[in-house]
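S.K.: Just passing along the structure, written as structure tokens.
The values are calculated or read from the model by the stated rules, or taken from the named source; none is laboratory data. Being a predicted model, the structure only gives us computed values, none of them experimental. Every residue, glycine among them, receives a Cβ derived from its backbone with ideal geometry; neighbour counts consider all protein chains shown. Note: areas computed on protein heavy atoms with side chains; ligands, DNA, RNA excluded. Shrake-Rupley method; radii C 1.70, N 1.55, O 1.52, S 1.80 Å.
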Amino acid sequence: MPKPVLLIAGAAARSKTVRRLVVGAVAVGLMLTLSLATPLLAVPLMLSGSGATAGGSLVVGEWGYPLAGDYNKGRGFGWHPVEGCAYCSKDHKGYDMDQPCGATVYATGPGRVVRAGPWDSFGNAVEIDHGGGVVTVYGHMQWDSLYVTEGSRVVAGTPLGLEGTTGVSTGCHVHFEIRVDGVPVDPEPFMAALGLPLK
Ligand SMILES: [Zn+2]
């Protein structure tokens, strides 16, 4: 079993909410496997699957996407130096995605806002503690655009603020970061396990 899946599984085991979702994801995986052998199952799966891709539903179960609808993918997680940007981080700890400047940024899961405001290279940022050691970060939002404050309770789909380019950023985008026990993890497999595939 690859390491990221173990990480997610470990995090999920400490969170009832995430655990339920991962159980759901496993069930979907099982159904997908079955659908390979049973063409009749494939049609409903394709229909329900369309809601779990960018451009579909914002929220799937108790988790959702940081942006509603389609978006452009920026830098993914890991080693991605930015050409011509000496001050940009090379080892990218999050997943960058963008819609036009000013697009609404949403909470991706239920939890409590533990930080809302200026935060070093993240610019105007929001941090949400989801419990079970899982934390999400939303960076570079426009100044004075935040709808939440420290202590706010949020669910998936709660508006957090407006997409911007504050902090260390070369253009409007959301820096979406997921931390498990304080360590940034790749958002792509994490979100995919929740039925929310990224690009
Ligand atoms: Zn980023």
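S.K.: Determine if the stretch 91-100 includes at least one residue that is within 16 Å of the ligand (Cβ to nearest atom), closer than 20 Å to V60 by Cβ, in contact with an Asp or Glu (Cβ under 7 Å, 6 or more places away or on another chain) and part of a loop (DSSP other than H, G, I, E, B).
M.R.: Within the stretch 91-100, one or more residues are within 16 Å of the ligand (Cβ to nearest atom), closer than 20 Å to V60 by Cβ, in contact with an Asp or Glu (Cβ under 7 Å, 6 or more places away or on another chain) and part of a loop (DSSP other than H, G, I, E, B).
S.K.: Of the numbered conditions (1) open to solvent by 10 Å² or more (accessible area, probe 1.4 Å); (2) more than 10 Å from the ligand (Cβ to nearest atom); (3) not aliphatic (A, V, I, L, M), T136 satisfies every one except a single condition; which is it?
M.R.: For T136, the failing item is (1).
S.K.: Counting only residues that are open to solvent by 10 Å² or more (accessible area, probe 1.4 Å) and under 12 Å from the mean Cα position of the chain (by Cα), how many does the stretch 97-126 have?
M.R.: Count: 1.
S.K.: Out of all the residues in the stretch 143-176, which are touching a His at 6+ places or on another chain (Cβ under 9 Å) and within 22 Å of V60 (Cα to Cα)?
M.R.: E163, V174, H175
S.K.: Something else now. Pull out all pairs, ordered by first then second residue, where Cβ-Cβ is under 8 Å, the residues are six or more apart or on different chains, the first lies in the stretch 166-179 and is touching a residue at least 60 places away in the same chain (Cβ under 8 Å), and the second is near the ligand (Cβ under 9 Å from one of its atoms) and basic (K, R).
M.R.: E177/K93
S.K.: Check whether at least one residue in the stretch 147-170 is part of a loop (DSSP other than H, G, I, E, B) and acidic (D, E), and report yes or no.
M.R.: Looking for residues that are part of a loop (DSSP other than H, G, I, E, B) and acidic (D, E), one finds at least one in the stretch 147-170, hence yes.
S.K.: Provide a single number: the residues in the stretch 74-90 that are of a type in the set (G, A, S) and either open to solvent by less than 50 Å² (accessible area, probe 1.4 Å) or assigned to a strand (DSSP E or B) (or both).
M.R.: 3
S.K.: Just to check your reading of the model, which residue among E188, E163 is surrounded by 21 or more Cβ atoms within 10 Å (Cβ to Cβ) and either of a type outside the set (K, R) or touching a residue at least 40 places away in the same chain (Cβ under 8 Å) (or both)? Write out each step before concluding.
M.R.: Working: E188 fails: surrounded by 21 or more Cβ atoms within 10 Å (Cβ to Cβ).
When all the criteria are applied, what remains is E163.
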